[in-house]
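For reference, the structure is listed below as structure tokens.
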């Protein structure tokens, strides 16, 4: 028996090495330069002190993080997590039956249904969000319709509140919930459903015992894909919340556009990033697979 | 008795079937009503475009004479094209390279490539802005492009990777075996094999870059604006139907592109069959 | 002795902790059809990939035409490969696939056309030039892969289980075609397979590989009739293996003790008490109702299986070991449950005396 030292590193020829550098080099440099360096600076900035007139004093402080727990800001954070959670839950509840419906159709039909689902997203999303303003305002189409039909006498206040914000976000993100759930339902071995029914389980029991657990990775992926953008959005809250509604995104945006408090903005951004990464970590632990995001 | 049973089961199935279609239609209505509103209100004869005032096509005419809007449209297109191009090249090379290469820190780099989809855009926007400002880089259309490239990279990476997963790795070896060096193998064999992934990633990236708001507005200088930034700034005053008209046109161009793509696919498949 | 064209000198290959190829020494002669035969995971494909250049040996040297190929890239080596799943380029038609190697070498177009046409004729695929790969059947793909490699006039053609994906009938037919082609072209073929029948049919020599070690290299006939190790005896064809101890050394033969009784082999260099393994092929076995001199192998007929042109008898000895006997059409058979004595011509018992092939079962 030879000793283990013959198990040295794999020999790689120079030509192979050059080709690997040519292929992997650009993306490696890019990711260091435009992900790691900025994120490191963000972390650094979040511990700096704000000077007068938006000037940054390079003195270490924990004030920015302490400020997050001020009731004013903390309420915004609680509120945005709540709005993001509601949007996420609604998009899964609305999206799952739809994904199931699509997945049970023949390949050709489900392909068409899928394209129909994606088409609205080739429009400018802000213009679409503005359509919600047209639809939901007091003299807008929905209120006019409700009054003409006679469901209400007074116009319902549907704009510039959480209802409008959640509706807008739901609109933006529903397909992102549907896609991964669709792909996991579609991959499901339909024989299992028949086997379950064959063994005497009713449709409800089959759904909860077989379909749901097996498609859970798709649901996880959907949850992640909806929750992440939702919690960072500021444009939808701005347009449909009418400035009364605030999300973390708005708060961060304000630190750069209005208050010029970069260190605090950096601390809030770090908080957001950490919040998401922790959530991803938990999801992966529970069994959600990040690869499904690629679907 | 048994017949009754099967009859009622068939009826129940029919009801279920109808209800599921009804549900799908409701979802599609939710998705399409705002699109139709956008299109219809591009013909609205009103300046603030909140309430329907009557039919007009004047905003389409105005669109073609509004040089400011065309400039913005040009900026948007330029940023989208250039960043898609760079992201596609870097992302494709990277995805192909990462599949086989083994080096220290590969995992860390891979995670970071996906970072822009995993973390809200505003975080990256803020961080990049700080980097440029601390290193005294003046904001410009160039910085906007840099930000957009980072944002698009993961999409290219994902779509190319999914093609690579379906590719028989031995075709690359076969090419080397037949005397082609690694560069020729990449051009002749690997690239054609992943091309559909490259195209769909580029398409996805392009449409994202076209309507990018967050990172673009953080990294823009005072004189450069893209379409989404313009729409966003107009919202408070009410969107002019001109913007609706422009969005409608862009939407139609996209539909047309998709249709052409779909038809060429169908034609190609037919040719293959013959 | 023909000129050596490929040689492996003390080649080792590690994948991390796994020792895949162990101190391999192998000489391949020009123009021969050599098969590397072994179970999956035995290292035979890795050996092939080290010759083609896709893997580097962890230690040792590989020479092609007396020249070390360590520094040569796969595309600089004068060997070509036929891959397991053909590895045809899906984005090219049949013509472009076959022409690929010549195009890379910038051979003039007219000559490429001439040679591709010739080559397609050789593999019986004239007229298929413009077809897409996806339109071709498994056997056709196999031929294209072959043509694509052979058109470059390689010194050595490496074939990695090329027939594995074909159905039995087509496989048999391709085996014969491949062998004829090799003879006609005179190119050295190094063929990897786990199918012993394929190896026996086609090869000039077979190298039996097990767990990274070469167990035996020889002609198919010698390998079959004189397996050197227990592994070879069991892997090639069917064998009845007896683990014995030398009991008596007589004038004309040597008696070996088995669990209950004894068998015999011709005289040779033995010492009493030595452990010896004997392999006997089912087709050389006979049975009788009475004991025959030299043999005392008693058993009960447990099963009789009809396999078309012959019959298999299973005889169970009292220690539970099952002995297989092959009987041809006209031969006498026994009934189920009969007690029979087994014997065979002395010289047909193959003695295996390698220590590591011996298990302590006696």
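All of the numbers you see were taken from the coordinates with simple rules; none came from a lab. Here the structure is a predicted model, which is why all the values come from computation and not from measurement. Using ideal geometry, Cβ is built from the backbone for each residue, glycine included, and neighbour counts are taken over all protein chains shown.
Before moving on, here are some points about what is shown:
- Between A:98, A:34, A:220, the Gaussian network model of chain A with springs among Cα atoms under 10 angstrom shows the greatest mean-square fluctuation at A:34.
- Alpha carbon centroid spacing (whole Å) that separates the range B:85-145 from the range A:146-211: 35
- Among beta bridges that DSSP assigns inside the protein assembly as shown, antiparallel share in %, nearest 5: 80
- Rounded tilt (10° steps) of C:94-104 against the dominant C-alpha axis of chain C: 70
- Neighbour-count ranking [beta-carbon atoms within 10 angstrom, fewest first] of A:105, A:153: A:153, A:105
- Share of Cα-Cα pairs in the range A:181-295 lying beyond 19 Å, as whole percent: 61
- Dimensions (Å) - the range B:197-270, Cα atoms, principal axes, largest first: 51, 27, 16
- By the Stokes-Einstein formula, at 1.002 mPa s and 20 °C, the protein assembly as shown with its Kirkwood radius over alpha-carbon pairs has D equal to 63 µm²/s.
- Over the range A:42-294: Rg over Rh, Cα atoms, Kirkwood Rh: 1.06
- Averaged over the residues of peptide A:263-270, the number of Cβ atoms from other protein chains lying within 10 Å of each residue's Cβ is 3.
- Contact order normalised by residue count of chain B, Cα under 8 Å, 6+ apart, percent: 30
- Neighbouring partner chain Cβ atoms per residue of A:17-25, average, 10 Å criterion: 6
- Model label points for residue C:73 and residue C:304, set 7 angstrom from Cα along the Cα-to-Cβ axis, are 6.7 nm apart.
- Principal axis extents of the C-alpha atoms in the range A:141-248 (largest first, rounded to whole Å): 55, 38, 16.
- Annotation for residue C:274 and residue A:161: the two label points, set 7 Å from Cα along the Cα-Cβ direction, are 10.1 nm apart.
- Mean residue ellipticity (222 nm) of chain A, computed from DSSP H runs ≥ 4 via -39,500 (n - 2.57), nearest 500: -21500 deg cm²/dmol
- Cβ-derived FRET efficiency at R0 35 Å, residue B:21 paired with residue A:189, nearest 0.05: 0.90
- Comparing Cα centroids, the range C:75-124 and the range B:1-56 end up 57 angstrom apart.
- Taking chain C and dividing mean pair separation by its residue count, relative contact order in percent (alpha carbons under 8 Å, at least six apart): 15
- Percent of beta bridges antiparallel (DSSP, the range C:4-230, rounded to nearest 5): 55
- Comparing mean-square fluctuations of C:190, C:280, C:340 from a GNM of chain C with C-alpha springs under 10 Å, the top value falls on C:340.
- Exposure proxy ranking, count of Cβ atoms within 10 Å, fewest first, for B:17, C:262: B:17, C:262
- Its Cα gyration tensor gives chain C an equivalent ellipsoid; the semi-axes, largest first and in whole Å, are 47, 25, 15.
- Cα-based radius of gyration of chain B once divided by 2.2 N^0.38 Å, which approximates compact folds: 1.32
- Rounded FRET efficiency, nearest 0.05, which uses the C-beta distance separating residue A:18 from residue B:234 and R0 of 60 Å: 0.70
- For a label point 7 Å along the Cα-to-beta-carbon line of residue A:138, residues of the range A:146-166 with backbone N under 18 Å: A:146-148, A:152-164
- Inter-chain Cβ neighbour average for residues B:24-35, partner chain, 10 Å: 6
- Residue-span extension gain [residue B:66 to residue B:100] - 0.36 nm each, minus C-alpha spacing: 7.1 nm
- Segments A:279-285, B:133-139 sorted - mean Cβ within 10 Å per residue, highest first: A:279-285, B:133-139
- Sorted fewest first by neighbouring Cβ atoms within 10 angstrom, C:19, B:184 come out as B:184, C:19.
- Theoretical gain in end-to-end length, residue A:29 to residue A:258 [0.36 nm per residue, Cα-Cα removed]: 79.1 nm
- Nearest-0.05 FRET efficiency for residue B:85 and residue A:59, computed from C-beta distance (R0 25 Å): 0.05
- Contact order, relative form, for chain A: 26 percent (alpha carbon pairs under 8 Å, 6 or more residues apart, mean separation divided by residue count).
- Net length gained if the chain between residue C:351 and residue C:131 were fully extended (0.36 nm per residue, minus Cα distance): 73.6 nm
- Based on the reciprocal of the average 1/r between different C-alpha atoms, the Kirkwood radius for the range B:2-43 equals 12.7 Å.
- MRE, 222 nm, helices only [DSSP H, n ≥ 4, -39500 (n - 2.57), over chain B, to nearest 500]: -26500 deg cm²/dmol
- What the Kirkwood sum gives for the range A:83-178 is a hydrodynamic radius of 15.0 Å, with every pair of different alpha carbons counted.
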